[in-house]
Amino acid sequence: MKVVAKTANEAMAEAMRQINPDVVAAYPITPSTEIVQLFSQFVADGLVDTEFVPVESEHSAASACTGAAAAGARVMTATASQGLALMNEVLFVTPALRLPIVICVINRTLSAPINIHCDHSDTMDQRDTGWMQFYAENSQEAYDLVIQAMKIAEEAFLPAMVSADAFILSHSLERIEILEDKEVQNFIGEHKTPFSVLDTEHPITVGALDLQDYYFEHKRAAAQAMREARKEIKKVFKDFGQKFERNYDFVEEYKMGDAERALVLMGSTAGTAKEVVDNLREEGEKVGIVKVCTFRPWPVEEVNHALKGADFVAVMDRAEGMTGFGAPLFTEVRSSLYDEDKNPDVYGYVYGLGGRDVTPDDIKKVFDDLKKAESGEKLERNSYLGVRE
C-alpha cells in the first residue's frame, strides 16, 4: 500500500487501471473527461490490456459497453450529467440482461440552464433503471468503491454506478491510500459473466421482442435481482474491510448512538456535516449523521436502524423533486420509516443545486431548525437551503 495525493478523477482512473478491464468505451464530458483521458494514456503506455473504444456519443458508449459485456468481457466506462442522461435508453437494457458493467459517474447538474458543477440530479434521474448506485464522500471512497463495485457487479450480475461530486472531489487533491496492483486483482478475482453471445456451443437469444406473454415476468425478475444484490454487497464490503481495514456499509452512522436530531445525506457534504456535528457535540447537543453510501438497492433496514433513536430528522437532497412530495432521498427515507413503531418527524431540504456551496453555517441552521421543531414550532415539511428566495 502506498500513500499518494490524487483527485477523485485520478483515483477512479487508477482503480480502473488496477482492475484492467477488457473493454472501455467512452465519450468525454466535463467533469469526468479526465478519468477516461488518464485511462487512455494507460492503454497507450501498455499498462493495461484494455480495448479502448472512443465512440461518437455517450449513447454509443453505453451501447458498446453493453455489447462487449454480452460477449463476455469485463467492461467499464465513465460519464457525467447530460452524458449519463443520453445513455438512458441503454441503461434500462443492461440490468435487464444482467450484465456487470461499472460506470464511474462524476455528479454534475442537468441542464437547463447549462451548468458544469455538482448536484445529484444526473444519477437521481437514473435511480430506477436497475443499476446499483454507490456514493463517495471523498477520493479514498471513490477509489475503494470502484474496486468493490466491480466485484459486486460480477457477483450479482448487475451493473453499478459509483458517484463522486463534481469538482468538490473530481478536481480536488486529497491524501489517499492506494493498494498494490496484485492486491486488487486478487480481490476482484477472475471475471464472471452470466453468458456470452460468442459461445456458439451454448447459443442464447439476447434482446428479443418480449410482449404481454413474458415481459412482466422478466421485469419482475430483474427487480428481484436488485433486491437479492444486497447479499453480495454486504459480503464484498465485509471482505474488503477484513483484507484492507477500510470498512464500508450501506449507511455510515456518525455519532448516532444517543442522537436525538439527525441529518441524512449523501456524498461530499457528509464531511462538512461531520465537522458541524463535532462542534455541536462539544456544546452538549445530541446530534448525528447518517450517510447513505448505497442508494440502490435502497437500504431500508439499515436506514431505519440508524434512525431508531432519533426524534427529529432532516434529509438533505442535492437534487430537486420537481413537485413530488419531496426530493428523492427525502421520499425514500420517509417511506422507509412509515411502518416503524417509533416514527421520527422528518423534514426535507434541497441544497447545493448547480454546485452552490454548502457551508457549516448552513448545516448548523438545519440542526437549529430541528431544535425549533423539537420545541413545538411548525416547520415547512420541504424547504430550500441556501437559495435566494
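Condition first: outside the structural domain of Phe295 (by TED's automatic domain parsing), of a type in the set (A, V, I, L, M, F, W, C), assigned to a helix (DSSP H, G or I) and surrounded by fewer than 17 Cβ atoms within 10 Å (Cβ to Cβ). Can you find one or more residues in segment 193-209 that meet it? Looking for residues that are outside the structural domain of Phe295 (by TED's automatic domain parsing), of a type in the set (A, V, I, L, M, F, W, C), assigned to a helix (DSSP H, G or I) and surrounded by fewer than 17 Cβ atoms within 10 Å (Cβ to Cβ), one finds none in segment 193-209, hence no. Screening the candidates Ala69, Ala78, Ala136, Ala62 for the property of being closer than 21 Å to Ala270 by Cβ, touching a helix residue (DSSP H, G or I) at 6+ places or on another chain (Cβ under 9 Å) and not aromatic (Phe, Trp, Tyr) yields one hit, Ala136. If only residues of segment 1-52 that are closer than 19 Å to Met87 by Cβ and aromatic (Phe, Trp, Tyr) are counted, the one that is surrounded by the most Cβ atoms within 10 Å (Cβ to Cβ) is Phe39. When Glu190 is tested against (1) in a loop (DSSP other than H, G, I, E, B); (2) of a type outside the set (Lys, Arg); (3) crowded, with 17+ Cβ neighbours inside 10 Å; (4) at pLDDT 95 or above, only condition (3) is not met. Of the numbered conditions (1) within 18 Å of Glu34 (Cβ to Cβ); (2) of a type outside the set (Ser, Thr, Tyr); (3) surrounded by fewer than 21 Cβ atoms within 10 Å (Cβ to Cβ), Val105 satisfies every one except a single condition; which is it? Here Val105 meets the rest and fails (3). For segment 119-147, how many residues are part of a helix (DSSP H, G or I) and over 26 Å from Lys219 (Cα atoms)? Number of matching residues: 9.
Of the residues examined, Arg108 is not one that is basic (Lys, Arg) and within 20 Å of Met226 (Cα to Cα). All of Lys238, Lys291 fail the test of being free of Cβ contacts under 8 Å to residues at least 24 places away in the same chain and under 29 Å from Ser139 (Cα atoms), apart from Lys238. Applying a threshold of 8 Å to beta carbon distances and a minimum spacing of six or more residues, or different chains, the list of pairs starting in segment 64-87 at a residue that is farther than 15 Å from Ile19 by Cβ and ending at one that is among the basic types (Lys, Arg) reads Ala80/Arg108; Ser81/Arg108.
Listed here are the residues, each with its yes/no results for (1) over 24 Å from Glu190 (Cβ atoms); (2) part of a loop (DSSP other than H, G, I, E, B).
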| position | (1), (2) |
| --- | --- |
| Gly72 | no, yes |
| Leu84 | yes, no |
| Ile103 | no, no |
| Ile116 | yes, yes |
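Have a look at Glu10, Glu58 and point out the one that is modelled with pLDDT of 95 or more, under 20 Å from the mean Cα position of the chain (by Cα) and within 15 Å of Ile101 (Cβ to Cβ). One residue alone meets the criteria, Glu58. All of Met124, Met150, Met132 fail the test of being of a type outside the set (S, T, N, Q) and more than 23 Å from Glu14 (Cα to Cα), apart from Met124. Scanning segment 148-206 for residues that are among the acidic types (Asp, Glu) and touching a residue at least 12 places away in the same chain (Cβ under 8 Å) returns Glu154, Glu155, Asp165, Glu174, Glu177, Glu180, Asp181, Glu183, Asp199.
Residue-wise test of (1) at negative phi; (2) at pLDDT 95 or above; (3) buried (at least 16 other Cβ atoms within 10 Å of the Cβ).
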{"residue": "Met322", "(1), (2), (3)": "no, no, no"}
{"residue": "Leu329", "(1), (2), (3)": "yes, yes, yes"}
{"residue": "Ser336", "(1), (2), (3)": "yes, yes, yes"}
{"residue": "Tyr351", "(1), (2), (3)": "yes, yes, yes"}
{"residue": "Asp361", "(1), (2), (3)": "yes, yes, no"}
{"residue": "Ser383", "(1), (2), (3)": "yes, yes, yes"}
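Restricting the first member to segment 243-255 and to residues that are assigned by TED's automatic domain parsing to the domain that holds Leu265 and under 12 Å from Lys291 (Cβ atoms), and the second to residues that are exposed (fewer than 15 other Cβ atoms within 10 Å of the Cβ) and among the hydroxyl-bearing types (Ser, Thr, Tyr), no beta-carbon pair is closer than 8 Å while six or more apart or on different chains. Does at least one position in segment 364-377 carry a residue that is modelled with pLDDT of 95 or more and either farther than 16 Å from Ala262 by Cα or not assigned by TED's automatic domain parsing to the domain that holds Val276 (or both)? Checked against the condition, which is being modelled with pLDDT of 95 or more and either farther than 16 Å from Ala262 by Cα or not assigned by TED's automatic domain parsing to the domain that holds Val276 (or both), segment 364-377 yields at least one hit.
The values are calculated or read from the model by the stated rules, or taken from the named source; none is laboratory data. What you see is a predicted model, and the numbers here were worked out from it, not measured in a lab. Here the Cβ is made from the backbone with ideal geometry for all residues, glycine too, and neighbour counts use every protein chain on show.
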